[in-house]
Amino acid sequence: AQSVTQLDSQVPVFEEAPVELRCNYSSSVSVYLFWYVQYPNQGLQLLLKYLSGSTLVKGINGFEAEFNKSQTSFHLRKPSVHISDTAEYFCAVSESNFNKFYFGSGTKLNVKP
Amino acid sequence: EPEVTQTPSHQVTQMGQEVILHCVPISNHLYFYWYRQILGQKVEFLVSFYNNEISEKSEIFDDQFSVERPDGSNFTLKIRSTKLEDSAMYFCASSEVIGVGYGYTFGSGTRLTVV
């Protein structure tokens, strides 16, 4: 079975500072990795995904993530955050050809002015 | 950009009542899903549906839950006799092909409150 761990439930950060949201997973097989964002009172929006190829993945809104197979991690980074990045971020994994995600418990990013 | 549409956005129901949550998937998608997010907890897979039958369901999806595609556009989740612990955000999703890698799209969710 797969599991996803997001160690930080909340991350406060000042505007224009860099941020890293951590995600670790456990799986015995090759996986696909995703980051979703949920703005207040909205649904899940795909930020970026890793399916294969380059381990550094760039997504929307200036976010990027790096797949590290040896450390089973897929941390999300942004060099300079904006107030509008305040949201909850979910890491998710799936196996190829699987039709479902396993989600982490989420990290609430709070960007302060 | 095509969207998955869920209605209502918020539903309040009394314990023991039946509730139906509605979803309109993207028109050319063939695979449909429901997920649940209890407040403060993980988003959890409930069920997947393809070719008018359930293809996979989780342990959460017990006999009080059912899904249906009553016509060519809607995909519904029915909870027969709601319990307080069914209070959650329910997300519908759809995809054109099997697998999560391409085009798997979530709706904005229905917040169900059981009182």
Going through (1) within 11 Å of chain A (Cβ to nearest Cβ); (2) surrounded by 15 or more Cβ atoms within 10 Å (Cβ to Cβ); (3) more than 13 Å from the chain's Cα centre (by Cα); (4) more than 21 Å from A:Cys91 (Cα to Cα) one by one, B:Tyr104 fails only at (4)
Quick check: is even one residue across region B:79-88 buried (at least 16 other Cβ atoms within 10 Å of the Cβ), under 16 Å from B:Val24 (Cβ atoms) and of a type in the set (Ser, Thr, Tyr)?
no
Pairs returned, first residue in region A:85-113 that is touching a residue at least 12 places away in the same chain (Cβ under 8 Å) and more than 10 Å from chain B (Cβ to nearest Cβ), second residue that is surrounded by fewer than 23 Cβ atoms within 10 Å (Cβ to Cβ) and in a helix (DSSP H, G or I), beta-carbon separation under 9 angstrom, 6 or more apart or interchain, are A:Asp85/A:Asn61; A:Asp85/A:Gly62; A:Leu109/A:Asp85; A:Val111/A:Ile83; A:Val111/A:Ser84; A:Val111/A:Asp85; A:Lys112/A:Ile83; A:Pro113/A:Ile83
Every listed condition ((1) buried (at least 18 other Cβ atoms within 10 Å of the Cβ); (2) within 19 Å of A:Thr5 (Cβ to Cβ)) holds for A:Val111 save (2)
Within region A:30-53, the residues that are open to solvent by less than 70 Å² (accessible area, probe 1.4 Å) and either of a type outside the set (A, V, I, L, M) or over 13 Å from the mean Cα position of the chain (by Cα) (or both) are A:Val31, A:Tyr32, A:Phe34, A:Trp35, A:Tyr36, A:Gln38, A:Tyr39, A:Gly43, A:Lys49, A:Tyr50, A:Leu51, A:Gly53
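The values are calculated or read from the model by the stated rules, or taken from the named source; none is laboratory data. Just so it is clear, the structure is predicted and the values come from calculations on it, not from any experiment. Cβ coordinates were reconstructed from backbone atoms using ideal geometry, including for glycine residues, and neighbour counts include every protein chain displayed. The area values use the complete protein model at the heavy-atom level, side chains included, leaving out ligands, DNA and RNA. Shrake-Rupley method; radii C 1.70, N 1.55, O 1.52, S 1.80 Å.
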